[in-house]
Amino acid sequence: MSSQMIPAHGYIWPERCHNPKPHLERNLRGFGDHLPFHAPWENEWHGSVFAAFISGSYAHLLALAAFIQQNHLLYCLKGGDITFTAKVEAKDLLRKPTIKWFKGKWMDLASKTGKHLQLKESFDRFTKIHTFEMHIIKAKENYAGNYRCEVTYKDKFDSCSFDLEVKGLFSDSTRQTHNQKHQYYRSKQSMILNEIDQNTTTEKIAFMYGITDLRGLLRRLKKTKKEEKKSEAFAKRLEPAYQVDKGGKIRLVVDLADPTVELKWYKNGQEIRPTPKYIFEHKGTQRIMVINNCQINDDAAYSVSAGEEKCTTELFVKELPVNIVKHLEPVKTTVNERIELECEVSEEGAKVKWYVPTGVRSRYRVKSEGTKHWLIIDDATKDDTGTYSLMATGGTTEAKILMDLQSVTVLLGQPLKLNCEIYPGNIPGRWYKNGQLIQPSERLTIIHRTKNHSLDIESSTIHDAGDYTFVPEGYTQTLSAKNALWANSADPPRVHLEALNVQDNTVVIVAGNKLRLEIPISGEPAPRVVKKYIYKTPALNWAHGLFQVILDSGNRVRAETFADHTCLTIDIAEREDTGNYKIVLQNEAGEDTASVKIKVVDIPDAPEAPLVTDVGGDWCTMTWEPPRYDGGSPILGYFIERKKKQSSRWMRLNFDLCKETTFEPKKMIEGVPYEVRIFAVNAIGVSKPSEPSKPFLPLAVTSEPTMLVVDDVTDTTVTMKWRPPDTIGAAGLDGYQVEYCIEGTDEWILANKELIEKTRYTITGLPVEAKLLVRVKAINAAGASPPRTTQHSILVKEVIEPPKIRIPRHLKQTFIRKVGEVVNLVVPFVGKPRPKVNWLKEGQPIDQTINIRNSDCDSIMFIRKAERKHSGKYELSVQVENHIDTATLDIQIVDLPGPPQAVKIEEVWGNNVALDWNPPKDNGNAPIIGYTIQKADKKTMEWYTCIEHYHRTCITISDLVVGNEYFFRIYSENMVGLSESATATKDSALIVKEGLQLKIPEYNDRDFTEPPIFTQPLINTFAVAGYNATLNCSVRANPRPKVIWMKNKITIIDDPRYRMFSNQGVCTLEIRKPCPFDGGVYTCKAVNDLGEAQVDCKLEVKG
């Protein structure tokens, strides 16, 4: 019978292909090369379920369903070979993809390669296809199961799964049965093809091509081009599947075509909200959901909707295998002993399975704590002998329990019998006592019958107590037992507290844990109960506190009594369980009592809310009281946390325990309210947090005031001035506090009872000729700043200071105002004591319409409505005792000028008229700067302006209309404006028609040439450093002169600090931001062909 395998091929391509995602071709190939017959569905079957049964050279390929995309089911003969092939198209891949083969859910087959399993891979450079093969050699029955192939490239993923069943060789009857099934399925397939609904798309295409088998239909469908509908919402969708390790992090990324569309994420149809586990990120058009700390319950289907469109994916959470860290150890014990099998695994809370020999399951207790697991047998019997094992997902461990002889206790003089059974039977052995060989005697009998061995002692003595061992000949196994004897006499009860092995009979337990306190007891004969509480012998009574009797069952705190010991059990220890526990043991021989102190320790109580005693700019000082209850263990220290008041996140301030009850938090933000809280720590753990402190605001005092100087001193007062602090901070500045200390004393006296906001203050009521120091503090909500103190003592005595008038710059020249305007002149001066001020106008007292107001530092002249009579030179004198300083102010009140005089027509010729007039009598107290000439036709008498701003007193009006008769009038103009009225010509000028002869008078040309003459000289000027200064003069010359400016006889040429102007004879020199070095003698020189002229002035620059 041939053992060759028959090939069965099935290619499945992914439904969605997104380059450069690897495409996984499932080619499941595992059988021989011969078919005894041709099945109508032998061709490719896309996405179907198929199976292969092999018996010798026969193979039945059964179609179980059509167009159902499920796992593939393969059958293989036991002891046969099978090969699975996966092909990955790598045209767009930059490197080789990663492929993994799995059995079951997570068993990686890469670690199982060997004699029966081989993995191979190859690469075709022409077709750019990676081929991965898995060979199973000489398959066994346990090779059956579900297999999966996964391929990954960067963040792309694809997978394929299939089932394998391993069958034994078929008998003739079995083969016949399968032949019948084969004929049935062939007829069944024909029925399926005939019963296809003709309304379906598949049926229409099949009849169009005349296809009767579905595989041929699929081949044609595969050749048709599929047009994928382009998503309007997603530029890039989610991948079909993602994989992540348990406890890891995964990022699900989509790319939106429209970033403004609303996006929602779902898990198994339930909307996901942002939490610390699910974090949503925006990056351009990308929308990312990050899942942190992935667990098994995160293994689910996820979807994201953008508007009306949705894309889905599936997340696989790979659970790491649980490995055995500490294996079970064999146990050798005796009957009635307590047995514990301990094992440790790699993960906390892992699920494991225990396997025990046949027996009563209720006798075994299983316990786990963290990564450790125990199997407990309280009272061991011979039936517990056997192999015990524990199985985890990453391995198994096992151990054997061997049972020795049962320990025996007898009374003195009573017979002693030790028995054991040895398998197989008829094996001789020897008995030993305390390691010494035992020989038979009259009192001691050794019996061996088949598999039973016994040792009998008729009447036991005190010397028979010891360890007895039976050793079979030819075996290393030994059986042992203990024999204890006591005399048959009255023995008072006794409590053996020394067995606890604790100091001062004090047992310490952590609150919340279970306490099981076992204390050995003894007594003979059996005690009798003398109280109303009935216990097993020996009689025992547990009492706690004020004779509170502890019952034997049913409560959290209970007492249990056994033959040789008593047990006190507290299921969940509480603080109230701390105290002295009294044991009362009674029998006929007497009574025994003992006390055990149980101390329940716990974490300490939360401390009281801390108190913030002092606050700075970025720090504070806090104190607190220790907790009322320390948990029964000394307080080791404290942890401190703080948070912003509006925040909910607490931040730990110290990682080393704070031993004291004070702490100074630092690095806080000024102006932000904070809260602090305390944790107490003892040897058991950390307490609950205290209540938060009252909110406090870190605020810093300002820096000290600056530039503290003496502003004024009199016989009884001292005036100080200063500038604000350089650093103020978030608390702002409330005001200043001024203090002074008289020389020879240490007492600082507060000068101002209330805070002042100004930076100037006068200290009054001081003794004459006293010396004192003055200091100033800036005050805000955080307190007083460091003081600024005067460097030297101040003598309280008024000092005479000669007066000095400081005339403002605009008053050094003529002060011009119009009639009716307000005149308000402020002239500052200095001098001590207060100077006497006097005003004169041209040597006479000033008019009563002029108001004068004087102060300590200035004098103000105020004229509510200026008149022309207020013009003139005013002299201001300031006197301190014999010292006098004077200054002169020139005030000019200007008004509109009067009309011109004697306007007349000098001559009329052609269309021209010559006019002449005289200046007005009243120039308005200002120079006439021009005239405005108007004309009017006699017919209409509408006036039109001929020329404005005309400087001469004669003019010729041209371009008049012939035949018209004109009148003329003239307005005068000064710096205030035009005169209120105009002077008109008395006669009219008639422009005669052509043909008339005009006799032109002869005129001699006047010679206008002249050498340069300065009509306005330079004047001495005072300038302030940093402010531009100008020097002005006017010159008349014809032809136009060349103007040269000189400083200290040196010509000024191309100096950027100077600008020179010349406009209609007015020469100006502008000095930009002069300094004291720019002072000196400045000269303006004008030169033409007829001569030259120059003027000088002195410029003084004050800092």
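The values are calculated or read from the model by the stated rules, or taken from the named source; none is laboratory data. Because the structure is predicted, anything quoted here is derived from the model rather than measured. Backbone-built Cβ (ideal geometry, glycine too); neighbour counts: all protein chains shown. Heads up: the accessible areas ignore ligands, DNA and RNA and are worked out on the full protein's heavy atoms, side chains in. Shrake-Rupley method; radii C 1.70, N 1.55, O 1.52, S 1.80 Å.
Scanning the range 301-314 for residues that are at pLDDT 90 or above and among the aliphatic types (A, V, I, L, M) returns Ala301, Val304. Only one of the numbered conditions (1) open to solvent by less than 70 Å² (accessible area, probe 1.4 Å); (2) touching a Ser or Thr at 6+ places or on another chain (Cβ under 8 Å); (3) under 15 Å from Pro689 (Cβ atoms) is violated by Glu608, and that is (1).
The set of residues from the range 475-509 being modelled with pLDDT of 80 or more and assigned to a loop (DSSP other than H, G, I, E, B) comprises His496, Asn501, Val502.
The residues of the range 309-331 that are outside any strand (DSSP E or B), open to solvent by 70 Å² or more (accessible area, probe 1.4 Å) and closer than 26 Å to Asn293 by Cβ, listed by number, are Glu319, Leu320, Pro321, Asn323. For Asp1096, are the conditions met, namely being of a type in the set (Asp, Glu), free of Cβ contacts under 8 Å to residues at least 40 places away in the same chain and open to solvent by less than 90 Å² (accessible area, probe 1.4 Å)? Judged against the criteria, Asp1096 is not a match.
Annotation note: of Glu342, Glu337, the sole residue that is part of a strand (DSSP E or B), under 30 Å from Lys382 (Cα atoms) and open to solvent by 50 Å² or more (accessible area, probe 1.4 Å) is Glu342.
Those strands (runs of 3 or more DSSP E) of the range 850-901 in which at least 1 residues are open to solvent by 40 Å² or more (accessible area, probe 1.4 Å) and free of Cβ contacts under 8 Å to residues at least 24 places away in the same chain, considering only elements entirely within it, cover 851-854, 883-894. So is Phe815 open to solvent by less than 60 Å² (accessible area, probe 1.4 Å), at pLDDT 90 or above, among the aromatic types (Phe, Trp, Tyr) and over 30 Å from Leu766 (Cα atoms) or not? When the stated conditions are applied, Phe815 passes them. Within the range 721-750, the set of residues being hydroxyl-bearing (Ser, Thr, Tyr) and either more than 48 Å from the chain's Cα centre (by Cα) or open to solvent by less than 30 Å² (accessible area, probe 1.4 Å) (or both) comprises Tyr736, Tyr740, Thr745.
Note on the range 567-605: residues that are within 51 Å of the chain's Cα centre (by Cα) and either open to solvent by 40 Å² or more (accessible area, probe 1.4 Å) or small (Gly, Ala, Ser) (or both) total 11. Looking for something open to solvent by less than 60 Å² (accessible area, probe 1.4 Å), among the acidic types (Asp, Glu) and in contact with a Lys or Arg (Cβ under 9 Å, 6 or more places away or on another chain) - is there at least one such residue anywhere in the range 913-934? Yes, that holds for at least one residue.
If you go through the range 619-659 and keep only what is surrounded by 15 or more Cβ atoms within 10 Å (Cβ to Cβ) and acidic (Asp, Glu), you end up with Asp630, Glu641.
For the range 627-684, which residues satisfy the criterion of being free of Cβ contacts under 8 Å to residues at least 24 places away in the same chain, over 15 Å from Leu611 (Cα atoms) and among the acidic types (Asp, Glu)? Result: Asp656, single match. Please verify whether the range 1067-1079 includes one or more residues that are among the aromatic types (Phe, Trp, Tyr) and under 26 Å from Arg806 (Cβ atoms). Yes: one or more hits. Would the range 800-813 turn up any residue that is farther than 22 Å from Ile891 by Cβ, part of a loop (DSSP other than H, G, I, E, B) and in contact with a Lys or Arg (Cβ under 7 Å, 6 or more places away or on another chain)? Checked against the condition, which is being farther than 22 Å from Ile891 by Cβ, part of a loop (DSSP other than H, G, I, E, B) and in contact with a Lys or Arg (Cβ under 7 Å, 6 or more places away or on another chain), the range 800-813 yields at least one hit.
A residue that is touching a Gly at 6+ places or on another chain (Cβ under 9 Å), open to solvent by less than 50 Å² (accessible area, probe 1.4 Å) and not acidic (Asp, Glu) cannot be found anywhere in the range 554-566. Hydrophobic (A, V, I, L, M, F, W, C) and touching a Gly at 6+ places or on another chain (Cβ under 7 Å), is that true of Ile779? Judged against the criteria, Ile779 is a match. On the stretch given as the range 265-308, residues that are assigned to a strand (DSSP E or B) and open to solvent by 60 Å² or more (accessible area, probe 1.4 Å) total 8. At least 3 residues being among the aromatic types (Phe, Trp, Tyr) and farther than 15 Å from Gly898 by Cβ is the threshold, and among the strands (runs of 3 or more DSSP E) wholly inside the range 914-1026 those reaching it are 943-950, 965-973. Residues in the range 751-782 that are among the basic types (Lys, Arg) and part of a strand (DSSP E or B) were compared, and the one that is most open to solvent (accessible area, probe 1.4 Å) is Arg760. Give the residue that is modelled with the highest pLDDT, with candidates limited to residues of the range 55-104 that are of a type in the set (S, T, N, Q), over 21 Å from Tyr143 (Cα atoms) and out of contact with any Pro (no Cβ under 8 Å at 6 or more places or on another chain). Among those residues, the one meeting the criterion is Thr98. The set of residues in the range 74-133 that are assigned to a loop (DSSP other than H, G, I, E, B) and of a type in the set (Gly, Ala, Ser) comprises Gly79, Gly80, Ala90, Gly104, Gly114.
Tyr153 passes every criterion in (1) aromatic (Phe, Trp, Tyr); (2) surrounded by 17 or more Cβ atoms within 10 Å (Cβ to Cβ); (3) closer than 27 Å to Gly394 by Cβ apart from (3). When restricted to residues that are open to solvent by 90 Å² or more (accessible area, probe 1.4 Å), polar (S, T, N, Q) and not in a strand (DSSP E or B), the range 435-465 contains 1. Answer yes or no: is there a residue in the range 824-842 that is open to solvent by 30 Å² or more (accessible area, probe 1.4 Å) and either of a type in the set (Gly, Ala, Ser) or touching a Leu at 6+ places or on another chain (Cβ under 6 Å) (or both). No - not one qualifying residue is present in the range 824-842.
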